Amino acid sequence: MNKHTLDSSINAPVARVFAYTIDPANTPKWCEGIVHEEKHTDDVGVGTKYTNELGTLSVTDFEQDRRFELTSEDGSYTVRYEYSSLDDATTKLSYTEWMNDGSGLAHPLEQTSLDKLKDLIESEMNF
C-alpha cells in the first residue's frame, strides 16, 4: 500500500493537540483546500461523520488522545492521526493518508500544512 506519512513535534500536551485536530472548526485554518468542515454529532467516536468540500468521511478508528482515523464514504481513502507524548509538554503527531486500492494520492497533504497546524496550536498555548 502506498502510504504518505508526515510527522510533527508540537510543543503542546497530547490532549491539547488531539482536541484541536478533531475539532472541525480548526481544519480550515491549517488544511489547504478545506474552507468549511462540520461534524454531524456533538461527540466524536467510531461512526461520527465529518463533511467538507472533499466529501463525507466517517471515523473508523478512535482512541482518545492516541488515534483518530477517518475513511471516505465510498471507502476509497483513509487518513490516520496518531499521537504520542514525547514529554509532558510535547506531542509527536503522525499524519498518514492512503488510497485503499493501493494507488497514489492525487493531492497528498504537504509538510507546510502540518507546520501551520503546529504553529497554530503552539500560538494558542501562549495565550
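Would you be able to say whether some residue in the range 87-99 is within 13 Å of the chain's Cα centre (by Cα) and either modelled with pLDDT under 95 or of a type in the set (D, E) (or both)?
Yes: one or more hits.
Under the condition of being surrounded by fewer than 18 Cβ atoms within 10 Å (Cβ to Cβ) and under 13 Å from the mean Cα position of the chain (by Cα), which residue from the range 32-43 is farthest from D119 (Cα to Cα)?
I34
Return yes or no: is A25 within 24 Å of M125 (Cα to Cα), surrounded by fewer than 13 Cβ atoms within 10 Å (Cβ to Cβ) and without any contact (Cβ under 8 Å) to a residue 24 or more places away in the chain? I'd like the intermediate steps shown before the answer.
On the way: within 24 Å of M125 (Cα to Cα): yes; surrounded by fewer than 13 Cβ atoms within 10 Å (Cβ to Cβ): yes; without any contact (Cβ under 8 Å) to a residue 24 or more places away in the chain: yes.
In short, yes.
Examine the range 113-124 for a residue that is among the hydroxyl-bearing types (S, T, Y), touching a residue at least 24 places away in the same chain (Cβ under 8 Å), in contact with a strand residue (DSSP E or B) (Cβ under 9 Å, 6 or more places away or on another chain) and under 20 Å from E38 (Cα atoms), and state whether such a residue exists.
yes
Is it the case that S76 is loosely packed, with under 14 Cβ neighbours inside 10 Å, among the hydroxyl-bearing types (S, T, Y), at pLDDT 95 or above and under 19 Å from L120 (Cα atoms)?
Here the answer is no, as S76 does not meet what is asked.
The values are calculated or read from the model by the stated rules, or taken from the named source; none is laboratory data. Since the model is a prediction, treat every value here as computed from it, not as a measurement. Cβ coordinates were reconstructed from backbone atoms using ideal geometry, including for glycine residues, and neighbour counts include every protein chain displayed.
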